[in-house]
Ligand SMILES: Nc1ncnc2c1ncn2[C@@H]1O[C@H](COP(=O)(O)OP(=O)(O)O)[C@@H](O)[C@H]1O
Ligand SMILES: [Mg+2]
């Protein structure tokens, strides 16, 4: 089993979108995939057509077989859950007190049932990022090809080092560029700077900016299912192939 954390320094870069769609792409490759939403926004379920009135999730039920939902897209998922502000404070205090809460939860799921567990997180240094990195075997840092994203990298990479220090089962992080404009000098310059400074850590595929991605969310389904042959879907398929190659090596 491989646990992959989708993380970022900056919000709105596409972590949730990519976590869901990479999960679906892996499922299309006959892998058993569980997606876990560790973001209080509780937004992952919106990509998966879940009943909007559903309040269940890991905050109430924990990470257990009974908190797993089936999606119509070949993956299973555990939503964050809908809770009040007061409940959230208690939950975050619990996570602070037990840094292995997520990791233990994943281990408690019947061993070997999933090939991949994909974790979605909120941006920046949060208790959820800490939990996700303790549980993960690798991290994908989602970045936009812009200066603001680039500026958050030293901080996020030092947090990765700090939270995974000394773990032989953590294989490192990669940077995944999202919303790459087709024709942009600045985008190209930022990608070159990323390449110059993080060459071996750059995922060899960037995800193009594609209006079909937001449209798919409007229809509450992954873009891979909504428009399988659009450029973003093809890019995401390549990322899934790259992930499988790198895991199997
Ligand atoms: N490759 C892309 N092309 C166009 N829009 C995208 C792309 N990836 C994400 N988006 C849009 O960007 C917004 C933020 O994405 P989201 O996955 O919620 O980011 P995060 O989880 O990092 O906050 C959403 O409106 C989403 O539809
Ligand atoms: Mg998100």
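Tell me, which residue of segment 1-54 that is in a helix (DSSP H, G or I) and surrounded by fewer than 18 Cβ atoms within 10 Å (Cβ to Cβ) is nearest to ligand 2 (Cβ to nearest atom)?
That would be 46.
If you take just the helices (runs of 4 or more DSSP H) that sit entirely in segment 133-249, which of them hold at least 1 residues that are touching a strand residue (DSSP E or B) at 6+ places or on another chain (Cβ under 6 Å), within 25 Å of residue 95 (Cβ to Cβ) and away from ligand 1 (no atom under 12 Å from the Cβ)?
Those helices (runs of 4 or more DSSP H) span 153-164.
I need a count of the residues in segment 109-122 that are within 16 Å of ligand 1 (Cβ to nearest atom) and touching a strand residue (DSSP E or B) at 6+ places or on another chain (Cβ under 8 Å).
Counting residues in segment 109-122 that are within 16 Å of ligand 1 (Cβ to nearest atom) and touching a strand residue (DSSP E or B) at 6+ places or on another chain (Cβ under 8 Å) gives 4.
Answer yes or no as to whether residue 176 is closer than 21 Å to residue 9 by Cβ, touching a residue at least 40 places away in the same chain (Cβ under 8 Å), under 20 Å from the mean Cα position of the chain (by Cα) and within 16 Å of ligand 2 (Cβ to nearest atom).
yes
Can you tell me which residues in segment 26-43 are touching a residue at least 40 places away in the same chain (Cβ under 8 Å), within 14 Å of ligand 1 (Cβ to nearest atom) and more than 13 Å from residue 70 (Cα to Cα)?
Passing the criteria: 37, 38, 39, 40, 41, 42.
Can you name the condition, by its number, that residue 106 falls short on among (1) more than 16 Å from ligand 1 (Cβ to nearest atom); (2) farther than 25 Å from residue 229 by Cβ; (3) in contact with a helix residue (DSSP H, G or I) (Cβ under 7 Å, 6 or more places away or on another chain); (4) without any contact (Cβ under 8 Å) to a residue 60 or more places away in the chain?
Of the numbered conditions (1) more than 16 Å from ligand 1 (Cβ to nearest atom); (2) farther than 25 Å from residue 229 by Cβ; (3) in contact with a helix residue (DSSP H, G or I) (Cβ under 7 Å, 6 or more places away or on another chain); (4) without any contact (Cβ under 8 Å) to a residue 60 or more places away in the chain, the odd one out for residue 106 is (4).
Which residue, of 204, 181, 222, is surrounded by fewer than 12 Cβ atoms within 10 Å (Cβ to Cβ) and in contact (Cβ under 8 Å) with a residue 24 or more places away in the chain?
Numbers: 181 fails: surrounded by fewer than 12 Cβ atoms within 10 Å (Cβ to Cβ); 222 fails: surrounded by fewer than 12 Cβ atoms within 10 Å (Cβ to Cβ).
After ruling out the rest, the residue left standing is 204.
Listed residues 20, 33; which is touching a strand residue (DSSP E or B) at 6+ places or on another chain (Cβ under 7 Å) and within 20 Å of residue 122 (Cα to Cα)?
Details: 33 fails: within 20 Å of residue 122 (Cα to Cα).
None of the other options fit; the residue is 20.
Which residues, counting only those in segment 55-74, are part of a loop (DSSP other than H, G, I, E, B) and loosely packed, with under 14 Cβ neighbours inside 10 Å?
Within segment 55-74, 55, 64, 72 meet the criteria.
Here, each number is a calculation from the coordinates, and none is a lab measurement. Here the structure is a predicted model, which means the values were calculated and not measured. Cβ coordinates were reconstructed from backbone atoms using ideal geometry, including for glycine residues, and neighbour counts include every protein chain displayed.
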